[in-house]
Amino acid sequence: MRWRSFVAVGDSFTEGLDDAYPDGSFRGWADLVAATLAASAGPDFGYANLAIRGRLFDNVVAEQVPAALDMRPDLVSFAAGGNDVLRRSCDPYALVERADQVIRELRATGADVLLFRFANVMARLPGQRILGPRVAVLNQGIGEIAERHDATLVDLYADDVFLNPVLWSPDRLHLSAAGHRRVAARVLTALGVSPEEGWLVVPPHPAPTPWLAARGADLRWLRQYLAPWVRRRLTGRSSGDTVLAKRPLLKPYVDR
């Protein structure tokens, strides 16, 4: 095993929403990857997960990247910008330019870097005509950055299995437990490590929902998820305002 340490930075995608441990905290793909790498590397394998839900790109860069650099890990995952593209003021070209600088800095330490092209979450959310082009610019830019800096690209957008709603939580934005396992499998495969066989099993699509029932589900989603998100935007709050990193220190991996 070439990696003795792994640090994950980012937002809710990397924190692990909505893949819950029995105690209610979140696991997610990064913990699953760390567990697999630790099983091969031994008990001294170090892991830190600095990701916090709701964080914007600049917050991730200002708060998490310096901490990751100080830890000098062998492997770093960087996934940010998903919260930015949901905002009207987002300039995806500026995000790509800033990401290029960050990845250059991370690679300069000698660390291997994992990057992601986001899965097509917009297929299940409103505003696709506005948000879709932003996601496309960010995804294309991340792919070019990975090639330029010899980073490992995990292309979730090219994986049509993520169009299956079973891989997403009821809020239509975060991955389900099945979704996180598939991401973990894709990450490990990109690293040349064999994942658990079941993590790549494609779950069956749910039966088609009758039109009236589907509209009722849309209304419930608006009340339960979209309306609170809009209220937070209007009041300048974030879902991660009171949340701390779940694994802030580089320590031997211990499952929960």
Shape of region 125-184, Cα gyration tensor, a/c cut at 1.5: oblate
Candidates Val113, Val243, Val193: whichever shows maximal mean-square fluctuation once the chain is modelled as a Gaussian network with Cα springs under 10 Å: Val243
At least 18 Å along the helix axis (C-alpha) and Kyte average at least 0.5, DSSP helices within the chain: 28-41
Environment charge of Val61, counting only residues whose C-beta is closer than 13 Å and scoring Lys/Arg +1, Asp/Glu -1: -4
Region 1-135, accessible surface, carbon-and-sulfur percent (1.4 angstrom probe): 49 percent
Isotropic mean projected area of the C-alpha convex hull, the chain (nm²): 13.6 nm²
Extreme residue, positive dipole direction of the chain, given options Gly10, Ala190, Gly132 (C-beta unit charges): Gly132
9 Å beta-carbon shell around Pro92, net charge (K/R +1, D/E -1): -1
Long-range HN-HN contacts of His174 with modeled amide H, under 5 Å: Ser169
Helix-only mean residue ellipticity at 222 nm for the chain, each DSSP H run of n ≥ 4 adding -39500 (n - 2.57), per residue, nearest 500: -12000 deg cm²/dmol
3J(HN,Hα) from dihedral phi, region 159-168, Karplus parametrisation 6.51/-1.76/1.60, rounded to Hz, x for glycine, proline: 9, 5, 4, 6, 7, 6, x, 5, 7, 10
Å² of accessible area per residue within the chain, as computed with a 1.4 Å probe and no ligands counted: 49 Å²
Dipole-positive endmost among Leu86, Leu50, Pro228 within the chain (Cβ charges, Cα centre): Pro228
Size of electric dipole in region 39-86: Cβ of Lys, Arg +1 and of Asp, Glu -1, about Cα centre, debye, nearest 20: 120 debye
Net +/- balance of residues flanking Phe45 in space, Cβ distance below 14 Å, scoring K and R +1, D and E -1: 0
Listed residues Phe116, Ala67, Gly24: farthest to the positive end of the dipole of region 18-127 (Cβ charges): Phe116
Charged-residue dipole, Cβ positions (Lys, Arg, Asp, Glu), the chain about Cα centre, Debye nearest 20: 900 debye
Dipole magnitude of region 22-143, debye to nearest 20 (Cβ charges: Lys/Arg +1, Asp/Glu -1, about Cα centre): 620 debye
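The values are calculated or read from the model by the stated rules, or taken from the named source; none is laboratory data. Just so we're clear, the structure is a prediction, and the values are computed from it rather than from any experiment. Neighbour counts run over all protein chains shown; Cβ positions are idealised from the backbone, glycine included. Side chains included, ligands, DNA and RNA excluded: accessible areas come from the protein's heavy atoms. Shrake-Rupley method; radii C 1.70, N 1.55, O 1.52, S 1.80 Å.
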